[in-house]
Amino acid sequence: MESTGSLILYFIVALSMVVFSVMAVTTRKILRAATYLLFTLFAAAVVYFMLDYEFLGAVQIAVYAGGIVVLFVFAILLTSRPGDNTERLTSRSRVLGGIAAALTLVVAGYALVSRCAIAFAARPAMENPDMETIGQTLMGTGHGQYLLPFEAVSVLLLACIIGGVVIARKR
Amino acid sequence: MELTAIYYLLPALFMFCCGVYGFITRKNMIAMLISLELMLNAVDINFVVFNRFLYPGAFEGMFFTLFAIAIAAAETALAIAIIINIFRAVRNIDVRSLNEMKF
């Protein structure tokens, strides 16, 4: 059983996730779309906190909300004037997008609700993963430990830094 | 009332569908990138939820999400560098006006 507080928190988070993700893809001002994306990412971070992954929630806020959304805002302000509206959608593209999204929703939702018994599993008890466990899992080379992907990601980030500098510099 | 996995999976599914809709309908490249972030984030939530509800002692979903966040950050930074470069070249980031790839 959940406490009343966590139920209320859950409904606030689920509602804000749904509402803000709809608004992020339908608003006509692009800067507002970035702001609604920020709220959706915060809702996802709260979901991570509710599921006892505090480290992941902190990473989500630091990297997504602190890094990626700021990048988006910079790029938007560099490439368009703040007051600009995007032009109205044609009804054809709106119908196409609506069909694709509704098909995905119906097929995956039907499979999830009627065919997937594990989706109704109750939440098992879990100790919060402490920093020592996370660090040893990230840095270990044993079974179920992630040193190699960690190094691969670090090389990827280095390549990304160099690529970003090369692509975006003045010619 | 008990919050089972489906209560977390359905909002994530809805978020993914919003991303699909936005990716198809938007014409501005940055708005398309925003829709892409929505989809990536929905998938991250699914990883975490399945990890937490099915294998609470393991960390696979959590570390997949961690690496997915890192790769999403790298991908966004590169994509925005490309978009700004395109904006310098043609003063426009509408995907319909970008139909030739030369400088």
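Of note:
- Among residues of the stretch A:144-171, those that are surrounded by 16 or more Cβ atoms within 10 Å (Cβ to Cβ) and assigned to a loop (DSSP other than H, G, I, E, B), counted: 2
- For the stretch A:116-143, a tally of residues being over 30 Å from B:A74 (Cα atoms) and assigned to a helix (DSSP H, G or I) returns 4.
- Any hit, the stretch A:100-115, residues being surrounded by 13 or more Cβ atoms within 10 Å (Cβ to Cβ), in a helix (DSSP H, G or I) and basic (K, R): no
- B:E37 vs. criteria more than 17 Å from B:I69 (Cα to Cα) and among the acidic types (D, E): no
- Consider the stretch A:118-143 and keep the residues that are facing chain B (nearest Cβ under 7 Å) and within 14 Å of B:E60 (Cα to Cα). The one that is surrounded by the most Cβ atoms within 10 Å (Cβ to Cβ) is A:T137.
- Candidates A:Y53, A:Y36 - the one that is farther than 15 Å from B:L33 by Cα, crowded, with 19+ Cβ neighbours inside 10 Å and not assigned by TED's automatic domain parsing to the domain that holds A:A101: A:Y53
- Screening A:R81, A:R92, A:R88 for residues that are part of a helix (DSSP H, G or I) and surrounded by fewer than 11 Cβ atoms within 10 Å (Cβ to Cβ) leaves exactly one candidate, A:R92.
- Within the stretch A:47-96, being more than 9 Å from chain B (Cβ to nearest Cβ) and closer than 19 Å to A:T133 by Cα holds for A:F49, A:E54, A:G57, A:A58.
Table: residues versus (1) among the hydrophobic types (A, V, I, L, M, F, W, C); (2) more than 17 Å from the chain's Cα centre (by Cα); (3) closer than 19 Å to A:V25 by Cβ.
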| position | (1), (2), (3) |
| --- | --- |
| A:L56 | yes, no, no |
| A:V73 | yes, no, yes |
| A:R81 | no, yes, no |
| A:G98 | no, yes, yes |
| A:Y110 | no, yes, no |
| A:I118 | yes, yes, no |
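The values are calculated or read from the model by the stated rules, or taken from the named source; none is laboratory data. For clarity, every value in this text was computed on a predicted model and none was experimentally measured. Every residue, glycine as well, gets a Cβ built from its backbone with ideal geometry; the counts of neighbours run over all protein chains shown.
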